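Single-structure report; data block below.
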Amino acid sequence: MYPVIYDFGNINIFGFQFNPVINSYGFMLMMAFYTCYFFLNKDLKRLGYDSNLSGDIVFAAAVGGILGSKIYYLIENFDRVIADPTGMIFSGAGLVFLGGLMGGTLGVTFVINKNNLSWITFADIVAPLLILGYAIGRIGCLLVGDDYGLPTHLPWGIEFPNGLPPSTYSIFQTYYPWVNLDNFEPGVLSVHPTPIYETIIGGLIFYYLYQKRTSVTIVGSLFFTYLILAGTERFIVEFLRVNEKYFIGLSGAQVISILMITIGAWFLMHPVKQPVDSKSES
């Protein structure tokens with residue numbers, strides 16, 4: 001695909017040579033955070049909050065989300081880390097939704113607590129942006145050829161000969177030996193473009209949540225709806241991904257998705273006993 005958007009070529013400054021590039025994965029992450037910042041800043045102004053909070057929240061979410069994503073990715077692919085620790089740690093791959101959600105949540109929680117704000121109220125405010133940032137970030141995964149799905153003969157399958165890792169028969173044999181390759185020939189394999197699936201579904205979820213954000217009557221309901229929708233999306237798409245299914249036929253991501261859905265459903269049926277912030281009704 002297009003792991004590098006622009007290559008500046010070799011640059012020599014005072015005898016030091018380097019080759020700066022604009023990486024597509026990093027660029028899409030930047031676009032995701034700037035887009036979320038735009039919408040968050042707009043909503044905070046509408047609700048009467050200090051708009052400077054938007055920068056603090058997005059920065060905390062970015063740092064926590066990227067670190068959480070990378071750590072989860074390395075744990076999930078520990079066998080590949082052992083084989084190539086430097087390449088795995090410093091690669092452009094690693095946008096793992098669940099790790100990013102946990103890391104980003106910790107970062108945002110720090111900012112909210114520091115400013116003595118209501119966590120559950122702000123969870124509703126940022127809920128649509130969580131899935132928006134994820135959907136945009138998945139475009140970066142597509143461009144670098146990362147997090148693709150199982151081999152397929154479907155006409156919309158995509159080959160990633162230079163992916164991270166390449167979608168070749170030998171790579172599947174080495175890194176994903178649990179995947180059935182009986183109906184595929186050696187060489188570069190067409191795979192399910194799961195990043196595209198998740199970008200489309202994520203965009204639809206964002207639109208639904210964004211439209212509902214001004215009519216929240218039960219505090220936390222938008223965030224818990226997000227947990228259900230995002231968890232369901234990931235649970236379903238995970239069947240088309242290459243992650244090993246080791247717990248009653250489910251992957252680790254699916255187990256956590258079930259937990260997200262359960263938490264969301266529980267709190268929708270047992271609402272948090274807290275009045276909606278008067279600002280959020282604006």
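Throughout, read-outs are computed from the coordinates displayed, never taken from laboratory work. Please read these numbers as outputs of a predicted model, since none were measured by experiment. Here the Cβ positions follow ideal geometry from the backbone for every residue, glycine too, while neighbour counts run over all protein chains shown.
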Notebook entry, point to check: Could you give me the ³J(HN,Hα) list for region 184-191, computed from phi with Karplus coefficients 6.51, -1.76, 1.60 and θ = phi - 60°, whole Hz, x at Gly and Pro?
Noted result: 10, 9, x, x, 7, 9, 7, 10
Next item on the list: Could you rank the peptides 114-120, 141-147, 127-133 by their average count of other C-beta atoms within 10 Å per residue, with the highest value first?
Entry: 127-133, 141-147, 114-120
Next item on the list: Return the long-range amide H neighbours of G149 (sequence gap of 5 or more, or a different chain), with a cut-off of under 5 Å between placed amide H atoms.
Entry: H192, T194
Next item on the list: Choose one of V111, Y49, Y6: the residue whose Cα lies farthest towards the positive end of the charge dipole of the chain (beta-carbon charges +1 Lys, Arg; -1 Asp, Glu; about the Cα centre).
Entry: Y49
Check: What is the set of long-range amide H partners of V4 at a cut-off below 5 Å, with H atoms built 1.01 Å from backbone N?
Finding: S24
Checklist line | Residues listed by number, region 1-34, amide nitrogen under 18 Å from D84 label point at 7 Å toward C-beta | finding: 1-4, 24-26
Item checked: Most mobile of F160, F18, F39 in a GNM of the chain (Cα contacts under 10 Å) -> F18
Next item on the list: Rounded to the nearest 0.05, what FRET efficiency do F239 and K273 give with R0 = 45 Å and r taken as the Cβ-Cβ distance? Could you check?
Entry: 0.75
Checklist line | Contact order relative to length of region 121-199, as percent, for alpha carbon pairs under 8 angstrom and 6 or more apart | finding: 40
Check: In whole percent, what relative contact order does region 156-216 give with Cα contacts below 8 Å and a gap of six or more residues?
Finding: 36
Next item on the list: Pull out a ≥ b ≥ c, the square roots of the eigenvalues of the alpha-carbon gyration tensor of region 150-201, then state rounded if a/c is under 1.5, prolate if not and a/b is larger than b/c, and oblate in the remaining case.
Entry: prolate
Item checked: Assigned charges on the beta-carbon of Lys, Arg, Asp, Glu; the chain dipole about Cα centre (debye) -> 840
Item checked: Largest to smallest principal axis extent of the C-alpha atoms in the chain, angstrom -> 61, 59, 34
Notebook entry, point to check: Rg to Rh for region 23-75: what is it, with Cα atoms only and Rh by Kirkwood?
Noted result: 1.08
Next item on the list: Could I have the simple spin-label model distance between V188 and W266, label points 7 Å from Cα toward Cβ, reported in nm to one decimal?
Entry: 4.7
Notebook entry, point to check: When every alpha-carbon pair in region 114-243 is counted, what percent end up more than 19 Å apart?
Noted result: 55
Checklist line | Global geometry of region 203-260, whether rounded, prolate or oblate, following the gyration tensor of its Cα atoms and the 1.5 cut on a/c | finding: oblate
Check: Quick one: Karplus J couplings for region 161-171, per residue in order, coefficients 6.51, -1.76, 1.60, θ = phi - 60°, nearest Hz, x for Gly and Pro?
Finding: x, 10, x, 10, x, x, 8, 9, 4, 5, 5
Next item on the list: Pop out the ³J(HN,Hα) list for region 241-258 in order, Karplus 6.51 cos²θ - 1.76 cosθ + 1.60 with θ = phi - 60°, rounded to Hz; leave Gly and Pro as x.
Entry: 9, 8, 4, 5, 9, 10, 10, 6, x, 10, 7, x, 5, 6, 5, 5, 4, 4
Note to self: Just to be sure I follow the rule: in the chain, considering lysines 8 or more places apart or on different chains, how many pairs have Cα atoms under 17 Å apart?
What the structure shows: 4
Item checked: Computed magnitude of the charge dipole of region 137-282 (debye, nearest 20; Cβ of K, R +1, Cβ of D, E -1) -> 600
Check: Taking one equal scatterer on every alpha-carbon of region 75-184, how large is log10 of I(q)/I(0) by Debye at q = 0.22 1/Å?
Finding: -1.26
Check: So how strong a dipole does region 114-221 carry about its Cα centre when Lys and Arg Cβ are +1 and Asp and Glu Cβ are -1, to the nearest 20 debye?
Finding: 600
Next item on the list: Taking the Cβ of P177 as the centre, find all other residues whose Cβ is under 11 Å away and add up their charges (Lys, Arg: +1; Asp, Glu: -1).
Entry: -2
Note to self: If I take every Cα pair under 8 Å that is 6 or more residues apart in the chain, average their sequence separation and divide by the length, what percent do I get for the relative contact order?
What the structure shows: 18
Check: Going toward the positive end of the dipole of the chain, with +1 on Lys and Arg Cβ and -1 on Asp and Glu Cβ, which of F122, T225, Q17 do you reach last?
Finding: F122
Next item on the list: With a 10 Å radius around each residue's Cβ, average the other Cβ atoms per peptide and rank 217-229, 170-182, highest first.
Entry: 217-229, 170-182
